[in-house]
Amino acid sequence: MLRELFNDGQYEERVLGGELNRRVTRSYQTPLSGRHPVGTVSRFYEYLEADGTVVAKAFHHDRPADPWRPDPKWLLVERDILVPAHADQETCADCAAFRPMPQGT
């Protein structure tokens, strides 16, 4: 559900349109595996409003030939911070459970 909120919020499109800024907070060469081609770079992004407020955080594999969408890890929705309730490989009854976190996390 967090991905759905992120995609519906059009964070990437809003960066391209100049409404949001995106900054790389961490970047490293992705270890070689059968999943990712040579040259893939892993990056953590923050999405910021013009006043510097962070509104989203996401992880992204920048793949040379087959771009993927960022994987959201943190969203500010109104006054709540939403994070995944479980790891990607786990499931819950409806996969819509989020746990609010205090701001500043």
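Please treat every number below as a calculation from the coordinates, not as lab data. Values in this document were obtained by computation on a predicted structure and should not be read as measured data. Neighbour counts run over all protein chains shown; Cβ positions are idealised from the backbone, glycine included.
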Practice item. With a 10 Å radius around each residue's Cβ, average the other Cβ atoms per peptide and rank 49-62, 28-41, highest first. Key: 49-62, 28-41
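How would you rank Trp68, Trp74, going from fewest to most other Cβ atoms within 10 Å of each one's own Cβ?
Details: Trp68 11, Trp74 19.
Sorted ascending by nearby Cβ count, the order is Trp68, Trp74.
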Review point. Points 7 angstrom from Cα along the Cβ direction at Asp62 and Ser42: gap in nanometres?
Key: 1.5
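Would you order Phe44, Phe6 from fewest to most other beta-carbon atoms within 10 Å of each residue's own beta-carbon? List each step's numbers first, then the result.
Numbers: Phe44 16, Phe6 22.
Ranked by crowding around the Cβ, least crowded first: Phe44, Phe6.
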Review point. Hey, with R₀ at 41 Å, roughly what FRET efficiency would Arg79 and Tyr28 work out to, going by the Cβ-Cβ distance, to 0.05?
Key: 0.80
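Between Arg35 and Arg69, what length comes free when the chain is fully extended (0.36 nm per residue of separation minus the Cα-Cα distance, one decimal in nm)? Walk me through the intermediate numbers first.
Values: separation 34, 0.36 × 34 = 12.24 nm, distance 1.53 nm.
Separation in residues times 0.36 nm, less the Cα-Cα distance, equals 10.7 nm.
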